[in-house]
1. Stretch residue 172-residue 212 to full length: gain in nm at 0.36 nm per residue minus the Cα-Cα span?
2. Measuring from centroid to centroid over Cα atoms, what is the spacing of region 50-70 and region 323-378 in Å?
3. State log₁₀ I(q)/I(0) for region 100-156 at q = 0.18, 0.27, 0.30 Å⁻¹ as given by the Debye formula over alpha-carbon point scatterers of equal weight, solvent excluded.
4. What's the Cα-based Rg to Rh of the chain, Rh via Kirkwood?
5. With every protein chain left in place and a probe of 1.4 Å, what is the accessible surface of residue 42, to the nearest 10 Å²?
6. Among 85, 266, what's the order by accessible area (1.4 angstrom probe), most exposed first?
7. Taking the mean number of other Cβ atoms within 10 Å as a proxy for protection, how do you rank 348-358, 74-84 from highest to lowest?
8. Relative to the present Cα-Cα distance, how much length would full extension add between residue 348 and residue 18 at 0.36 nm per residue of separation?
Amino acid sequence: MPRAGVLTSVTHDQDVEAAAQQLYAELTICPLSLVLFFCASHYDLEALSSALQRRFGEIPLVGCTTAGEIGTDGYISGSISAIGFCEQDFAIEAALVNNLADFSFSDAQSLVHGILDGCQSRQVAPIKGHSFALALLDGLSVREEQLLNVLNAHLGSIPLLGGSAGDDLYFRDTHVYFEGHFHSDAAILMVVNSRCSFEVFSIDHLSDTRDKLVVTEADSSERRVYEFNAVPAAQEYARTIGLEIDQLTPEVFAMNPLSVRIGDRFYSRAIQKVNDDLSLTFYCAVETGIVLTRARCGDMVQGLEQLFDDIERKIGPPQLVIGYDCIFRRLESQQLGLDESIRRIFQRYRVLGFNTYGEQLDGMHLNQTFTGVALGGCDGEQR
């Protein structure tokens, strides 16, 4: 019989010492190879770091701040969600990347090879076919695309997925956590080797329309669009969706997404905010000359049901799903009254994760997706 290889814990305690104690008590039932956590940004991060270090000691901890958490009961806020990976079923190696602007192709090669060597020395199953990579990135770094490209180039057949840290839509500071400290302008890469079956996925619920916006002026280094169709970007976007500029909010952006065609697929390019000069800052890469298409939101609940039906056919009922869910999906769910339906789905399939400022899959930086990995049963005889 398959057995559980992961443990989960969710705490809403605002006292960091009590929160750390609850996480420790609920996760250390088995020897752990690593703890992965997602925390609300309003915690005193320095105090939380100290509390976690005192409690967990030598157990490796990796995590990030969020734009909302996903717990065992669906969307939650002001909390910490955590996953403990039992060492009998998981060998995990993690590394921190600092100063993202200076991270090079050769740096990526050294980092990935070092992680793979460390993981291989403790592997619980053959690396090929039994490993995936998880990434956590500073969600305000504007460096996701470059980092993902170079990391993915060296991971070979190992699938790479992840999410960008958030700060509850304040857009001030987003952090990743590694070896006792929260870091900005940083990323974490983990290679997870497991004797559990798994399925990596990414879905959206968007379809394109005929409304086109040509980026006629942009600063790609800042993901900032100054003009659509030679008109101030916020003005032209608002006109296209039939609103006034002062009505543009994150909720409006969530319900009126834009997308770019790459090959035969459309990928969302989510708007982060309106600037004083009527330019628009995006969560994802934009540049002068690209054509953005207004997209239409489909049935999010039906999409999730179909996703998990497919996953169950491939690996059976998941023991856990690590989910990176775009903050815009959560905003849409709230506006349309879908939270209870999504809660039931997330609870049934044991989804735990966070709401992101962007998702990652195999070198691509994505917006407005639900991306993650479903963990199936762990074969105790496999070595």
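1. Additional length available on full extension: 11.3 nm.
2. 21 Å
3. -0.67, -1.16, -1.29
4. My calculation puts Rg/Rh at 0.96.
5. 100 Å²
6. Result of the area sort, largest leading: 266, 85.
7. Those peptides, ordered most packed to least, come out 348-358, 74-84.
8. Stretched fully, the residue 348-residue 18 segment lengthens by 116.0 nm.
The values are calculated or read from the model by the stated rules, or taken from the named source; none is laboratory data. If you're wondering where the values come from, they're calculated on a predicted model, not measured in any experiment. Here Cβ is always computed from backbone atoms with ideal geometry, including for glycine, and neighbour counts include all displayed protein chains. For the accessible areas, the whole protein counts, side chains as well, though only heavy atoms, and no ligand, DNA or RNA atoms are used. Shrake-Rupley method; radii C 1.70, N 1.55, O 1.52, S 1.80 Å.
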